[in-house]
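What follows draws every value from the coordinates through simple rules; no lab data is involved. In this text the structure is predicted, and so the values were computed from the model without any measurement. Don't worry about glycine lacking a Cβ; one is built from the backbone with ideal geometry, like all the others, and counts go over all protein chains shown.
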Amino acid sequence: AQRVTQPEKLLSVFKGAPVELKCNYSYSGSPELFWYVQYSRQRLQLLLRHISRESIKGFTADLNKGETSFHLKKPFAQEEDSAMYYCALSDNTDKLIFGTGTRLQVFP
Amino acid sequence: EAGVTQFPSHSVIEKGQTVTLRCDPISGHDNLYWYRRVMGKEIKFLLHFVKESKQDESGMPNNRFLAERTGGTYSTLKVQPAELEDSGVYFCASSQARSLQFFGPGTRLTVL
């Protein structure tokens with residue numbers, strides 16, 4: 001069965017520190033992977049998707065099919081990065097399968 | 001351009017009552033999705049409309065939930081009768097292109 005695992009509920013770092021939010025998935029086919037972010041009092045929004053291979057707000061994520069991972073990374077965290085981050089997988093039916101989310105807290 | 005809108009933003013009802021949630025997708029988006037997040041759990045898919053047709057309703061928890069999309073525009077999700085375990089945040093999303101889903105702000109449902 002398709003599944004997305006985000007092992008950390010909370011990740012706390014200081015401003016300027018590197019950040020890595022972990023995401024592992026299980027899916028037998030070729031999935032599309034996404035990271036969504038929800039800032040305080042805002043709606044869920046797409047941060048990036050693996051097929052775009054782009055960097056958004058300094059974040060990158062590389063799909064590792066061997067390790068079935070799609071970890072989100074940023075070399076230098078900023079206070080405004082504090083938010084809930086959700087990893088999601090899209091199967092061939094278009095629905096999104098989400099992980100439980102990781103709350104990132106960036107302290108000044 | 002307005003994004004996906006949902007109404008109400010918050011609803012508090014008693015067990016056994018009926019609640020109807022509404023979602024207005026982005027204009028021109030044929031695909032409309034419902035998801036929900038129950039406390040402490042992940043955001044889970046409920047169903048997917050393509051225009052007015054139900055493409056996939058595999059995530060609907062039981063027959064107390066009824067979703068409609070009249071004329072392929074807005075959608076409603078009715079819970080009748082509501083139970084305590086239905087409490088959570090209900091999200092709607094819409095898309096034009098495959099997989100690029102835009103989410104609404106959600107409706108927080110509290111069943112007492």
Lysine pairs within the protein assembly as shown, Cα separation less than 20 Å, 8 or more sequence positions apart or different chains: 26
Return the distance in nm (one decimal) between the two label points of a simple spin-label model at B:LEU84 and A:ASP91, each offset 7 Å from Cα along Cα→Cβ. 3.2
Cleavage-rule hits, trypsin sites (Lys or Arg not before Pro), the range B:14-96, DSSP coil, Cβ neighbours within 10 Å at most 16: B:LYS15, B:LYS41, B:LYS51, B:ARG64
Need the full-extension length gain, B:ASP56 to B:THR5, defined as separation in residues times 0.36 nm minus the C-alpha distance. One decimal, nm. 16.2 nm
Where GluC sites (Glu not before Pro) fall in DSSP loop in the range B:18-69, at most 16 other Cβ within 10 Å: B:GLU52, B:GLU57
Separation between Cα centres of the range B:87-103 and the range B:7-32, rounded to whole Å: 12
So, with +1 on the Cβ of K and R and -1 on the Cβ of D and E, and no other charges, what is the size of the charge dipole of the range B:23-97 about its Cα centre, to the nearest 20 debye? 60
